[in-house]
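Comments concern the structure below.
The values are calculated or read from the model by the stated rules, or taken from the named source; none is laboratory data. Small disclaimer: the values here were computed from a predicted structure and weren't measured. Quick reminder, even Gly has a Cβ in these numbers, built from the backbone with ideal geometry, and neighbours come from all protein chains shown. When the accessible area is computed, the model is the full protein with side chains, heavy atoms only, and any ligands, DNA or RNA have been set aside. Shrake-Rupley method; radii C 1.70, N 1.55, O 1.52, S 1.80 Å.
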Amino acid sequence: MAKKTPPAPKKKSTVHENAKLADLERNRSDATGQDLTTNQGLPINDNQNSLKAGPRGPSLLEDHILRDKITHFDHERIPERVVHARGSGAHGVFQVYEPLGKLTKAGFLNDPERRTPVFVRFSTVAGFRGSTDLARDVRGFAVKFYTDEGIYDLVGNNIPVFFIQDAMKFPDLVHSVKPEAHHEMPQAASAHETFWDFISLMPESMHMIMWAMSDRAIPRSLRMMEGFGVHTFRFINEKGESSFVKFHWKPLLGMHSVAWDEATKISGKDPDFHRRDLWEAIENGDYPEWELGIQVVPAKDEHKYPFDLLDPTKLIPEELVPVRRVGKMTLNRNPDNFFAETEQVAYDPGHLVPGIDFSNDPLLQGRLFSYPDTQLTRLGGPNHHEIPINRPISPMHNNQRDGHMRQTINKSHINYEPNTLGGGCPFQAGMKNGGFTSFPEPMEDMKVRAKSEKFMDHFSQATLFYNSQSKPEQNHIINALRFELGKVDTAAVRERMIGLLAFVDHDLAKQVADAFDIDVPEVEPPINQSIPADTPPADVQPYEETPLIQRSKALSMANTIKDTIRTRRIAILADADGAAVAKTLKATLESEGAMVKVIAPKMSKDVDQSLMTSTSVVFDAIAVVNQDPWAAYPDAKDFVSDAFRHAKAIALIGDAVALFDIWGMGDAKDAPGIVKGASGKAVSQSFISAIAAHRHWAREKDPVTAMKG
Ligand code: HDE
């Protein structure tokens, strides 16, 4: 699939980037060449011994140096985020391709020369701050834009829909998925009773469940996942005209995932796998890039679709409203200090700039309250906007004062408005000076606790998602559900889930039920269920003729870019006899942008890792040079058989192919994605194509059928 080349920016201006860098610089501390001091700047003479009444006597309360050190240490931790506690961040820039003035007056979306600084934090939702990166979970994808008109936060996820339709249910959802209240287990996993008990009673979650059980929930890399604003927002242009908009982030490296068995093994071998991958890519200059996409719905079409634009459990199929790619974000700098930047960053969907506004999505409306509220506890008070990572680059003036940890020293005693003593300042900006105005949406209705009728269709898009998956992707969903429900003790919960799945797709329900010997109830299928097998994917039919589209090409990761091995991690197993072959192959793969490690039984010059310290689950592909010495090592067998099980490209060079017979994997040597040749040169081109294809899922076996023999 050809990669779209974005139009080159006319001229690069770094003025805004520099403003943020200078702002952060003022707060950076560098101790190189400096003496140790207390927090008050008192030079410290002895950092080894506390002050005592004699060498064997008790410590003295007067030891202000010990107290200065220990008091600060005692308060080093702040509460972790209630959700999204585990995260990794990076700085970067955003640049729009061409002015979007017809749609929005937002300055950063209108000046292609402006490089707007951004800080992005990716996260998992359910686990604690130290939990594994490879949990089956939604990933947060939160972007803070430091624009000329103030901070704009696009606080999204890597899945375009959500579990629930109304903020009222969020605490229930989160309580159910977090570790259970009595014994605080399991960590970072939805595979437990309380979650599925809740879900089995929430049919509105079924679309999201399809995504969460798909490979989207176990990404290969944070750099290789899509991002979504989820809710419908509004654009407003200079004329005050409004349209609805959904935001997308499209990764230029394509979207890729790992296998579930691999994810569980990575969690043991390298729980920081995603964090490390992001950090290393940026350190190596392989800057992750995403294009910003927008789906725009004119105001007049608000009620045109069979779903409600305000319903966060629905997406707008790209076949109905194409995604227009309007700009590019590049992450180009790792934080200097995890706590100061990644931990203290405070996102808020309520941080808006003129030209962008909310819709009435009831989930979004609830979020507007939650984010600033939670920061009061997490960051300790109302001045968290003064923390360097949260400060806007645009000037900030108002009459708010005081509070915990106030940093700003406001000079005037005039802290009210209107005033004459301060010359009336700070003035209301007014619209002409870029003052923010909400879209004047007409409102007249009864106060009710209710939802619009279109919110009640809980299954059509769950079925659309399932229908749109390739066969291996469908199998992964089935197996994820078998795994998750297999961790549920209460039979009635499992049965309720099978009942809900039957509304999504009868065969899906049947295959999941097969692992538990549950009968699938006969249910009235939703309108677009059980489409004929020969229906081509990505049918585009005008809405007037077909109210619900049946398959969407954009929903399957099988259709993502597969033309590059850039930044892919490749292991070459080669001892001294294979060193020359390894060296040439490594050079060829690196010239294509891959990251290659040579692995031998022992560490030595030209060897990056020993067999003992490495594992194939942290690589995308492996090559084995020669049969010797690998046949003698059980670890080498695990290395290769895992790579085979996880459907990775494997190159067998020289007589390495014999290993498959020695290890009882003889049938496997002719499977897809296995490349054989006498030398590195002989295999390199086919190996590169096999790696670019990412995974060769045709090799997988159905675990339940396999168990049955
Ligand atoms: Fe959040 N969410 N959320 N959320 N969310 C938080 O805010 C909340 C929702 C998302 O890297 C919290 O600062 C409510 C949808 C991300 O710092 C909290 C509801 C989406 C992050 C909160 C939702 C998100 C958060 C916890 C339903 C995708 C991490 C700490 C009404 C569009 C941001 C914090 C970061 C974090 C509340 C639903 C994304 C508790 C009440 C939908 C990426 O305020």
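Suppose R0 equals 51 Å. What FRET efficiency, 1/(1 + (r/R0)^6) with r the Cβ-Cβ distance, do Ile409 and Asp445 give to the nearest 0.05? Once rounded, the FRET efficiency stands at 0.60. For the stretch 220-249, the set of trypsin sites (Lys or Arg not before Pro) satisfying both a DSSP loop assignment and a count of at most 12 other C-beta atoms within 10 Å is given as Lys239. Close amide H partners of Ile159, meaning residues 5 or more places away or on another chain with modelled amide H under 5 Å apart, are Arg139, Phe228.
Other residues whose C-beta falls under 11 angstrom from the C-beta of Ala19 contribute a net charge of -1, scoring Lys and Arg +1 and Asp and Glu -1.
For the chain, the Cβ-based charge dipole about the Cα centre amounts to some 1620 debye (Lys, Arg positive; Asp, Glu negative; other atoms uncharged).
Ranking of His397, His506, His694 by solvent-accessible surface, largest first: His397, His506, His694 (1.4 Å probe, protein heavy atoms only, all chains present). Dividing the C-alpha radius of gyration of the stretch 81-205 by 2.2 N^0.38 Å, with N its residue count, gives 1.32. Bridges between two residues of the chain, per DSSP, are antiparallel at a rate of about 75%.
If R₀ is 56 angstrom, what is the calculated FRET efficiency for the pair Trp279 and Thr38, using the beta carbon separation as r and rounding to 0.05? After rounding, the FRET efficiency stands at 0.95.
Remark: the His303-Thr71 segment gains 77.6 nm on full extension, using 0.36 nm per residue and subtracting the alpha carbon distance. Farthest toward the positive end of the dipole of the stretch 51-390, out of Leu66, Gly381, Gly293, is the Cα of Leu66, where the dipole comes from beta carbon charges about the Cα centre.
Tell me what the chain gives for mean residue ellipticity at 222 nm when only DSSP H runs of n ≥ 4 count, each as -39,500 (n - 2.57), the sum divided by the residue total, rounded to 500 deg cm²/dmol. Before the final figure, lay out each step's value.
Numbers: 17 runs with 179 residues, N = 709.
The helix-only estimate for the chain comes to -7500 deg cm²/dmol at 222 nm.
Counting only heavy atoms of the protein chains and using a 1.4 Å probe, Glu417 has close to 90 Å² of accessible surface.
Computed 3J(HN,Hα) for the stretch 387-395, one whole-Hz value per residue from the Karplus formula 6.51 cos²θ - 1.76 cosθ + 1.60 where θ = phi - 60°, is 5, x, 5, 9, 6, x, 8, 7, x, glycine and proline marked x.
Once you sort the root eigenvalues of the Cα gyration tensor of the stretch 637-695 as a ≥ b ≥ c, which label holds: rounded (a/c under 1.5), prolate (a/b larger than b/c) or oblate (the other case)?
Working: a/c = 2.10, a/b = 1.19, b/c = 1.76.
Cα axes put the stretch 637-695 in the oblate bin.
Amide hydrogen proximity for Val598: with H placed 1.01 Å from N in the peptide plane, the residues at 5 or more positions away or on another chain lying under 5 Å are Ile572, Asp608, Gln609. Can you list which of the trypsin sites (Lys or Arg not before Pro) found in the stretch 468-527 are DSSP loop residues with at most 16 other C-beta atoms within 10 Å? Sparse-neighbourhood loop trypsin sites (Lys or Arg not before Pro): Lys487. For the peptides 178-187, 88-97, 204-213, residues were scored by their other Cβ atoms within 10 Å and the scores averaged per peptide; the highest-first order is 204-213, 88-97, 178-187. Given Phe145, Gly41, Ser176, which one lies farthest toward the positive end of the charge dipole of the chain, if we put +1 on the Cβ of every Lys and Arg and -1 on the Cβ of every Asp and Glu? So the residue furthest toward the plus end is Gly41.
The convex hull drawn around the Cα atoms of the chain, when projected onto a plane and averaged over every direction, covers 39.5 nm².
Label zone of Ala682 (point 7 Å out along Cα→Cβ, amide N under 14 Å): in the stretch 612-636 this covers 624-627. Ranking Leu376, Leu421, Leu352 by solvent-accessible area of protein heavy atoms (1.4 Å probe, all protein chains present), from largest to smallest, gives Leu421, Leu376, Leu352. With a cap of 10 neighbouring Cβ atoms within 10 Å, and only residues DSSP puts in a loop, list the trypsin sites (Lys or Arg not before Pro) found in the stretch 59-132. Those that pass, being in a loop and sparsely packed, are Arg77. With a simple spin-label model that places each label point 7 Å from the Cα along the Cα-to-Cβ direction, the separation between Asn399 and Leu376 comes to 2.1 nm.
In percent, rounded to a whole number, the relative contact order of the chain is 12, using alpha-carbon pairs under 8 Å and six or more apart.
How would Arg324, Arg645 rank on accessible area, largest to smallest, probe 1.4 Å?
Values: Arg324 105, Arg645 140 Å².
Largest to smallest exposure gives the sequence Arg645, Arg324.
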